[in-house]
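All remarks here apply to the structure that follows.
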Amino acid sequence: MNTVRKIFGVIWMLFAIACAYFLITFGVPKLVSGTQEGVVFGIIILFILMPLTVAGLAVFGYYSVTGEYDENKMADK
Amino acid sequence: MDMPEKKSSMWRVVAASASGTLIEWYDFFIFGSMASILSAKFFPHTNPSAAFLSILATFGAGFVVRPFGGIIFGRLGDMIGRKYTFMVTLLLMGISTCLIGFVPEYETIGYLAPLLVLLLRLLQGLALGGEYGGAATYVAEHSKKGTRGFWTSWIQTSASIGMLISLVVIFITRNSMSPESFDSWGWRIPFLASVFMIYISYVIRRRMSESPAFAKAKSEGATSKNPLKESFGNRYNLKFVLLALFGPVIAQGVVWYTGHFYAMNFMENTMVVDSGQVITIMVVALLLGSPFYTLFGWLSDKIGRKLVLMAGMLLAIICFRPIYRSMYETVDLAKKTELTSKAISTSELYETASARDSIYTTEKFYDDGTVLKEVRTVHLGQAGTPTVGDDTKNVSITKAINVSSSAKWKLIFLVFIQIVFGTLTYSPLAAFLVELFPVRIRYTSFSVPYNVGIGIMGGLLPAVSVFLVTNAKRMGDPAFYLQGLWYPIVLAGISLLITMVYITKKMTALHTD
């Protein structure tokens with residue numbers, strides 16, 4: 001299972017990149033749309049959702065790859 | 001450490017924590033439940049869709065700031081104690097909710113109105129961000145190992161019951177006055193009512209003692225001087241924060257909000273069911289579904305948190321689309337036979353000091369008991385005569401469908417099922433999060449991922465899903481009404497995978513004090 005977690009770690013990091021791409025292509029047109037709802041949506045997507053999702057997933061993936069979630073690391077502090 | 005647990009004292013602890021959390025959820029949900037009315041009152045009328053989306057965004061703003069509330073109050077709670085911190089959150093929530101009831105409408109004070117509402121909504125979000133982490137931590141630190149899931153599940157119950165009470169209060173207020181009075185000033189009453197509930201909860205909480213685990217840590221000098229740094233600047237703790245967030249917390253956020261708020265919005269706006277019927281459906285479904293929190297909390301103590309959490313995620317992923325397809329079919333008029341001979345059409349002239357409206361009402365009856373009511377309002381100037389079939393520019397059309405009794409019970413059942421999914425993902429969550437983090441940083445480490453996952457991911461669900469549905473409808477997708485579900489399904493799917501692969505039994509017993 002430790003190996004599976006490491007493999008998934010790579011997937012999460014790639015997913016973080018995919019999320020960044022998707023959220024930027026989705027959010028930027030909203031931001032420049034000039035409509036009230038578009039600007040609000042764009043701000044939330046680009047400046048709140050994207051940093052949290054992308055950074056969080058990337059770090060989570062990195063921790064997975066480097067074995068932080070291995071069974072023998074659970075009790076380390 | 002296992003604290004001695006007397007049942008009578010545990011009930012007092014649960015009552016004090018859950019009552020305050022319930023009232024805070026009531027305060028928060030009042031805003032969401034009245035989104036349509038608030039949209040008309042505080043945002044420009046010219047574009048109803050923009051106004052509605054703006055309110056959803058404001059609703060979202062209340063959720064987006066919740067993590068900051070988690071940071072502020074989590075830090076306070078880990079440094080000075082749980083009890084005093086969630087007294088502050090309680091009072092902050094109550095005062096800001098009450099003040100919303102006093103804000104003049106857009107027509108009176110212009111753009112200051114939505115700005116004030118937005119500011120108060122942000123304060124609500126801050127308060128709620130600090131409330132749940134404190135309440136759940138407080139109850140968990142009083143309960144002994146092996147019962148934590150059961151006792152903390154009462155806190156989760158408070159969310160559904162808070163929503164239920166908000167709907168009941170709105171329903172009673174609406175039905176105790178004329179529609180004109182409710183539209184004019186009656187809508188403020190549910191906001192103003194919160195001040196009494198907050199006072200009661202304040203009196204209850206004031207008598208509580210500090211959490212024994214925290215009191216012990218404090219007496220030993222083992223509390224944290226910088227819980228934020230320890231939680232998020234320490235690799236060991238941060239990895240659990242991320243695991244909690246991308247695992248059970250995001251899933252709970254999207255599954256729970258789908259079954260509660262999305263279901264309600266879907267019935268009101270996509271299915272166009274009469275709002276009174278929607279409230280009835282939600283109230284009955286919530287009453288039937290809420291007891292499952294304690295059942296699944298108890299079950300998680302017996303079979304483990306992970307299995308219960310995963311069951312909720314999996315069932316939601318598989319069942320959401322068939323459920324919503326079935327819900328939509330109850331109002332799909334293309335599949336019903338109209339009883340044309342029973343149709344009723346009326347017209348009347350409605351005059352006030354400032355407006356003259358010509359109102360045409362048509363009621364169509366269908367073979368299964370469904371009734372479609374369409375109200376066409378032609379806004380006239382001071383001069384002019386109403387004419388049947390007059391296609392003037394100032395026309396507004398509202399539709400409402402009254403479903404038959406059997407269809408209503410079908411909808412109740414389908415919403416109830418979704419609420420049960422929510423209870424599966426929510427009831428073990430507090431115990432799971434508490435057991436993941438040590439006492440010294442528990443409030444902080446618990447609150448931030450909880451409010452990010454549920455506050456942001458869950459809170460944005462109505463806006464994102466409504467957008468997906470609107471987009472699909474514009475593109476002519478015949479199943480447009482199902483497209484909003486991709487957001488919760490995809491996120492729950494990722495969370496299920498992470499929960500399955502990463503969360504172990506050892507992890508759920510890391511910190512039992």
Legend entry - Unmet criterion (only one of (1) closer than 18 Å to B:M271 by Cβ; (2) touching a residue at least 24 places away in the same chain (Cβ under 8 Å); (3) of a type in the set (G, A, S)) for B:S347: (1)
Inset, instruction - For B:N237, indicate whether it is touching a residue at least 40 places away in the same chain (Cβ under 8 Å) and more than 27 Å from B:I401 (Cβ to Cβ). - result: yes
Inset, instruction - Tell me, please, whether a residue that is in contact (Cβ under 8 Å) with a residue 24 or more places away in the chain and in contact with a Cys (Cβ under 8 Å, 6 or more places away or on another chain) can be found in the range B:183-192. - result: yes
Inset, instruction - Would you mind stating whether B:T173 is buried (at least 22 other Cβ atoms within 10 Å of the Cβ) and assigned to a helix (DSSP H, G or I)? - result: no
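Please go through the range B:95-139 and pick out each residue that is small (G, A, S) and over 17 Å from B:Y84 (Cα atoms).
B:S96, B:G101, B:G110, B:A113, B:G125, listed by residue number.
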Inset, instruction - Would you tally the residues in the range B:286-310 being at pLDDT below 95, within 11 Å of B:T157 (Cβ to Cβ) and aliphatic (A, V, I, L, M)? - result: 1
Legend entry - Search result, residues across the range A:40-75 that are touching a Lys or Arg at 6+ places or on another chain (Cβ under 7 Å), without any contact (Cβ under 8 Å) to a residue 40 or more places away in the chain, part of a helix (DSSP H, G or I) and among the hydrophobic types (A, V, I, L, M, F, W, C): A:F41, A:I45
Legend entry - Exclusive hit being among the aliphatic types (A, V, I, L, M), touching a residue at least 24 places away in the same chain (Cβ under 8 Å) and either over 16 Å from B:L243 (Cβ atoms) or more than 14 Å from every other protein chain (Cβ to nearest Cβ) (or both), set B:L468, B:L436, B:L461: B:L461
Inset, instruction - Being more than 9 Å from chain A (Cβ to nearest Cβ), assigned to a loop (DSSP other than H, G, I, E, B) and basic (K, R) is the filter here, so list the residues in the range B:471-507 that pass it. - result: B:K505
Inset, instruction - Would you check if there is a residue in the range B:184-191 being basic (K, R), at pLDDT 85 or above and assigned to a helix (DSSP H, G or I)? - result: yes
Legend entry - Qualifying positions in the range B:332-371 - assigned to a loop (DSSP other than H, G, I, E, B) and more than 17 Å from B:I401 (Cα to Cα): B:T352, B:A353, B:S354, B:A355
Inset, instruction - For B:I281, state whether it is assigned by TED's automatic domain parsing to the domain that holds B:G32 and touching a strand residue (DSSP E or B) at 6+ places or on another chain (Cβ under 9 Å). - result: yes
Legend entry - Complete set of residues in the range A:1-15 that are touching a residue at least 12 places away in the same chain (Cβ under 8 Å) and either of a type in the set (F, W, Y) or within 11 Å of chain B (Cβ to nearest Cβ) (or both): A:M1, A:N2, A:R5, A:K6, A:F8, A:G9, A:I11, A:W12, A:F15
Inset, instruction - Test each condition in (1) modelled with pLDDT under 90; (2) out of contact with any Lys or Arg (no Cβ under 8 Å at 6 or more places or on another chain) for B:A343 and report the one that comes out false. - result: (2)
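The values are calculated or read from the model by the stated rules, or taken from the named source; none is laboratory data. Everything numeric in this text was worked out from a predicted model, so none of it was measured. So basically every Cβ, Gly included, is an ideal-geometry build from the backbone, and we count neighbours across all protein chains shown.
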